[in-house]
Amino acid sequence: MTRIAVFASGSGSNAEKIIRYFQQHPAIRVSWVLTNNPNAGVIGRAKALHVPCHLFDRRQFRETTAVVEFLKSEKIDLVVLAGFLWLVPANLIDAFHGRIINIHPALLPQFGGKGFYGEHVHRAVIESGQPISGITVHAVNEQFDSGDILFQAACHVDRSDNADQLALKIHALEHRYFPVVIEKLIESGLPIPDSRA
């Protein structure tokens, strides 16, 4: 059984879709949800789906190996960032090299990096006049949104779209594709190949 840990900081709609997608899968399961936010909506979503949550703080994440040790103790095979806002520290990247992926709500390399998340991304896309946006699933390294691109899907940005309307289009792409991409990556074999290796 391939065991997934989903990291989320907010409402957890992507986490819920991923959990539901793999609930009946014979070989893949979301074993844990981890969050840095004690008020995150993902906690309630996970609880409703009988997936345990593990809460950690900034010190534990950045200054200790507590999170790495927890993941190893639970025999986690793949870490999935789904609306997780903190930069992943080197100790976690080293311990799970080729086994951490993230989803970004734009077509990287555009509109990525520190500060580009959620509504900030959608506003920037609209203000730039770009006719398309989309999602990017990428490998995670020591910098925001700069790991190898593994998958992208696009949608049109209408001239009348505001940030909320574009967000709805992006969420639809995330919910449709992210679980399927995770499944295909696992079936292709972990760790995920690194172009710089």
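Every number here is computed from the coordinates shown, using simple stated rules; none is lab data. This is a predicted model, so every value here is computed, not measured. Ideal geometry is used to build each Cβ from the backbone, glycine not excepted, and the neighbour counts take in all protein chains shown.
Consider region 165-187 and keep the residues that are in contact with a helix residue (DSSP H, G or I) (Cβ under 8 Å, 6 or more places away or on another chain) and of a type outside the set (Val, Ile, Thr). The one that is farthest from Ile93 (Cα to Cα) is Leu166.
State yes or no: is Ser128 hydroxyl-bearing (Ser, Thr, Tyr), over 15 Å from the mean Cα position of the chain (by Cα) and surrounded by fewer than 17 Cβ atoms within 10 Å (Cβ to Cβ)? Before the answer, list the steps.
On the way: hydroxyl-bearing (Ser, Thr, Tyr): yes; over 15 Å from the mean Cα position of the chain (by Cα): yes; surrounded by fewer than 17 Cβ atoms within 10 Å (Cβ to Cβ): yes.
Criteria met by Ser128.
Among the criteria (1) surrounded by fewer than 23 Cβ atoms within 10 Å (Cβ to Cβ); (2) farther than 23 Å from His171 by Cβ; (3) touching a helix residue (DSSP H, G or I) at 6+ places or on another chain (Cβ under 7 Å); (4) not charged (D, E, K, R), the one Val67 does not fulfil is (1).
The residue of region 58-89 that is nearest to Ile19 (Cα to Cα), among those that are part of a helix (DSSP H, G or I) and aromatic (Phe, Trp, Tyr), is Phe70. Annotation note: Cβ proximity below 6 Å between a residue of region 152-174 that is more than 12 Å from Gln130 (Cα to Cα) and a residue that is among the hydroxyl-bearing types (Ser, Thr, Tyr) (sequence gap 6+ or interchain) occurs for Gln152/Thr136; Ala153/Tyr177.
Got a sec? Which helices (runs of 4 or more DSSP H) wholly within region 90-197 have at least 3 residues that are more than 30 Å from Ile28 (Cα to Cα)?
Working: elements: 90-95, 118-128, 163-188.
Ranges flagged: 118-128, 163-188.
Whenever a residue of region 22-46 is farther than 20 Å from Tyr177 by Cα and in contact (Cβ under 8 Å) with a residue 60 or more places away in the chain, it has no partner that is surrounded by fewer than 22 Cβ atoms within 10 Å (Cβ to Cβ) and of a type in the set (Lys, Arg) lying with C-beta atoms less than 6 angstrom away and at least six residues away or across chains. Could you check Lys75 against (1) over 18 Å from the mean Cα position of the chain (by Cα); (2) surrounded by 17 or more Cβ atoms within 10 Å (Cβ to Cβ) and say which number it fails? Failing condition for Lys75: (2).
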